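Chemist: What follows is a single structure, and I will ask about it in a moment.
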Amino acid sequence: MVTRLLIIIILLYPGAAVAGPLVNSGQGRVVEVVDGDTLFLDDGVQVRLVGIQAPKLPLGRRNFKTWPLAGEAKRALEALSLGRVVKLSYGGRRTDRYGRALAHLHRDDGVWIQQELLRLGMARVYSFRDNRAVVAELLAAERAARIDKVGIWGHGWYRIWQQEELHGGLDGFFLIEGIVLKSAQIRGRIYLNFGEDWRQDFTITVSPRDRRLFERTGFAHAAMVGQRVRVRGWLKHFNGPSIEATHPEQIEVLNQTN
């Protein structure tokens with residue numbers, strides 16, 4: 001299942017959506033749910049549900065405020081998985097720096113846990129440079145929930161921000177929309193600027209290392225000028241607000257129905 005926005009990306013940048021087959025590897029029974037995207041299996045393996053990000057709980061982190069609907073997201077994952085046998089499959093890097101398995105989970109009845117959480121509006125798509133498989137299918141599920149304003153999409157905390165709304169106090173993972181006004185490549189780094197003043201207005205950047213990944217998919221930064229796009233990632237502030245895109249799936253070219 002591919003959304004219109006992904007079709008547009010594929011047309012503009014052939015190969016941008018890496019949706020290769022997942023590799024099945026093992027199974028286990030879910031015995032504990034930590035939060036909306038993390039759980040333990042009966043063999044002691046901790047699984048971070050790859051490809052999504054659910055609202056976060058503090059989990060012992062000092063000065064960390066609970067994200068809205070974090071409790072609801074945890075309960076949703078419990079309802080979908082606790083006590084159930086799940087099959088693990090992988091589409092990229094298999095473990096993170098904490099030793100957690102970065103797996104997609106499927107129940108015996110065919111329910112794909114990540115996709116179902118997105119359909120319920122209990123998570124957002126969250127992909128990585130080294131873990132990009134099946135992003136098209138995940139984005140389709142997220143989009144359906146967003147259109148229906150279910151779960152997090154009915155809460156202002158998770159709204160899609162317009163680039164002109166951004167200000168210095170914002171910090172975190174955001175979905176941001178705007179029209180690319182200018183593009184440039186300086187010392188190997190790509191800049192997509194959304195305003196006249198790059199020192200204050202929103203910018204998407206792509207590092208020289210990641211630029212090569214974009215270019216292998218047919219991405220051309222000059223072709224982005226005038227396009228309305230949505231980008232997802234961690235917002236930083238250096239010469240204005242910016243998101244560094246590490247892989248093409250972070251950037252969606254929009255049409256009127258997106």
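The values are calculated or read from the model by the stated rules, or taken from the named source; none is laboratory data. In this text, all values refer to a predicted model and were calculated from it rather than measured experimentally. Ideal geometry is used to build each Cβ from the backbone, glycine not excepted, and the neighbour counts take in all protein chains shown.
Chemist: May I ask you to verify whether residue 138 is in contact (Cβ under 8 Å) with a residue 12 or more places away in the chain and surrounded by fewer than 21 Cβ atoms within 10 Å (Cβ to Cβ)?
Modeler: Answer is no for this residue.
Chemist: Filter region 95-118 for residues that are without any contact (Cβ under 8 Å) to a residue 12 or more places away in the chain and either assigned to a strand (DSSP E or B) or surrounded by 16 or more Cβ atoms within 10 Å (Cβ to Cβ) (or both) and give the result.
Modeler: 95, 112 - these are the residues of region 95-118 that are without any contact (Cβ under 8 Å) to a residue 12 or more places away in the chain and either assigned to a strand (DSSP E or B) or surrounded by 16 or more Cβ atoms within 10 Å (Cβ to Cβ) (or both).
Chemist: Going through region 141-166 one residue at a time, which ones are without any contact (Cβ under 8 Å) to a residue 12 or more places away in the chain and assigned to a strand (DSSP E or B)?
Modeler: Correct list: empty.
Chemist: Looking at residue 169 and the list (1) surrounded by fewer than 18 Cβ atoms within 10 Å (Cβ to Cβ); (2) touching a strand residue (DSSP E or B) at 6+ places or on another chain (Cβ under 8 Å); (3) assigned to a loop (DSSP other than H, G, I, E, B); (4) not acidic (Asp, Glu), which single condition is not satisfied?
Modeler: All conditions are met except number (2).
Chemist: Could you tell me whether any residue of region 208-215 is at pLDDT 95 or above and of a type in the set (Phe, Trp, Tyr)?
Modeler: Scanning region 208-215 turns up no residue that is at pLDDT 95 or above and of a type in the set (Phe, Trp, Tyr).
Chemist: Which one of 51, 121, 92, 151 is surrounded by fewer than 21 Cβ atoms within 10 Å (Cβ to Cβ) and not assigned by TED's automatic domain parsing to the domain that holds residue 209?
Modeler: 92
Chemist: Do you know which residues across region 29-70 are of a type in the set (D, E, K, R), more than 20 Å from the chain's Cα centre (by Cα) and part of a strand (DSSP E or B)?
Modeler: Applying the first criterion (of a type in the set (D, E, K, R)) to region 29-70 yields 29, 32, 35, 37, 42-43, 48, 56, 61-62, 65.
Keeping just the survivors that are more than 20 Å from the chain's Cα centre (by Cα) gives 29, 32, 42-43, 61-62, 65.
Once the filter is applied, which keeps residues that are of a type in the set (D, E, K, R), more than 20 Å from the chain's Cα centre (by Cα) and part of a strand (DSSP E or B), region 29-70 yields 29, 32.
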